[in-house]
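Below is one structure, written out as structure tokens; comments come after it.
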Amino acid sequence: MDVVNQLVAQGQFTVLKQPLGFIKILQWIFAIFAFSTCGSYSGMFKMSVECRNRSESDLGIEVEFEYPFRLHQVYFDAPTCKGGNPERLFLVGDYSSSSEFFVTIGVFSFLYAMASLSVYCFILEKYRENCKGPQIDFVVSAVFAFMWLVSSCAWAKGLSDVKTATDPESVITLIAACEEPENRCREVHDPKVSGLNTSVAFGFINLILWIGNLWFVFKETGWMAAFSGTYVPSQEKQPAPDSFAQEGYAQQDPYAGSQGGYQPEYGQQQQQGGGYNEEGGYSQGYEQQPTSYANQM
């Protein structure tokens, strides 16, 4: 318990509020929905065969099937309406490849999303070091986006075939007794495939999430700055401000004495004219001027 508390204390969970981490939570959740709705499915449909001889009829033929939908291994017994033992019939089709591929992609997406969340929360600085972590994350995310596209399309086609193969009306055509006009065959209960329809929807939702995640991971790779020409490698960075003086950036004051600037000499001004003395008044040179106005009068 102490180890868990230490990990929680050292974690940087603010990244989960950012798009980079929040979309990973959505990927983790929807991956669970996708493979669980498909991998845990089991369905059943029911038919009835009413023979001319009512004693040979079977009004409740139940056929059960489940993931991974190897329907060619699913069988049921139907009456022949001719006396004797009932005949054993098998469904048609093997759709395990598309369903298992879909579930496998969902499981691996769930594991990768969980591992990515752990990296974001506990070693985010090392993840962003040298941009290697985001670049690897971008490539893997692109692969998963492509795999979700392929697996979702394949499973959508496989589900359509499963619906056709488990439709009671099409299964009735396999029963030889139903070809006789005096016998009556009908469906009693259709299989519920709403869970399978939901799994396909979750597959395409995961596709959208992984494609959207590519943009947020791409911004962490540093490739955007390299493409726009603003990326500066570490060995070509500009020198620090402290080194300007050593590189010859220091310049002389243009108003220095050698440039002919104005340089007042305060000492001479105090001797020639009036200036401010330390006693708080102005000392002016009227006593040194001749009293020419008095002589003219």
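The values are calculated or read from the model by the stated rules, or taken from the named source; none is laboratory data. Just so it is clear, the structure is predicted and the values come from calculations on it, not from any experiment. All Cβ positions, glycine included, derive from the backbone under ideal geometry; neighbour counts span all protein chains shown. The protein model used for the area step is the full one, side chains on, heavy atoms only, and it has no ligands, DNA or RNA in it. Shrake-Rupley method; radii C 1.70, N 1.55, O 1.52, S 1.80 Å.
Do the conditions hold for Thr173, that is, is it of a type in the set (Val, Ile, Thr) and touching a residue at least 40 places away in the same chain (Cβ under 8 Å)?
So Thr173 fails the test.
Every residue, every condition in (1) farther than 22 Å from Ile175 by Cα; (2) in contact (Cβ under 8 Å) with a residue 40 or more places away in the chain; (3) open to solvent by 30 Å² or more (accessible area, probe 1.4 Å), yes or no:
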position: Glu64; (1), (2), (3): no, no, yes
position: Ala78; (1), (2), (3): no, yes, no
position: Lys82; (1), (2), (3): no, yes, yes
position: Leu89; (1), (2), (3): no, yes, no
position: Gly93; (1), (2), (3): no, yes, no
position: Ile105; (1), (2), (3): yes, yes, no
position: Phe108; (1), (2), (3): yes, no, yes
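Condition first: touching a residue at least 60 places away in the same chain (Cβ under 8 Å) and either aliphatic (A, V, I, L, M) or open to solvent by 30 Å² or more (accessible area, probe 1.4 Å) (or both). Now tell me which residues in the range 66-75 satisfy that.
Correct list: Leu71 only.
Return the total of residues in the range 116-161 being within 17 Å of Asn206 (Cα to Cα) and open to solvent by 20 Å² or more (accessible area, probe 1.4 Å).
Residues in the range 116-161 being within 17 Å of Asn206 (Cα to Cα) and open to solvent by 20 Å² or more (accessible area, probe 1.4 Å): 14 in total.
May I ask you to list pairs of residues, at least six apart or on different chains, whose Cβ atoms are under 6 Å apart, with the first in the range 40-54 being hydroxyl-bearing (Ser, Thr, Tyr) and the second being assigned to a strand (DSSP E or B)?
Ser42/Glu66; Ser48/Leu59; Ser48/Arg186; Ser48/Val188
Looking for whichever is among the aromatic types (Phe, Trp, Tyr), under 27 Å from the mean Cα position of the chain (by Cα), open to solvent by 30 Å² or more (accessible area, probe 1.4 Å) and at pLDDT 90 or above here; the options are Phe216, Phe202, Phe227. Which one fits?
One residue alone meets the criteria, Phe202.
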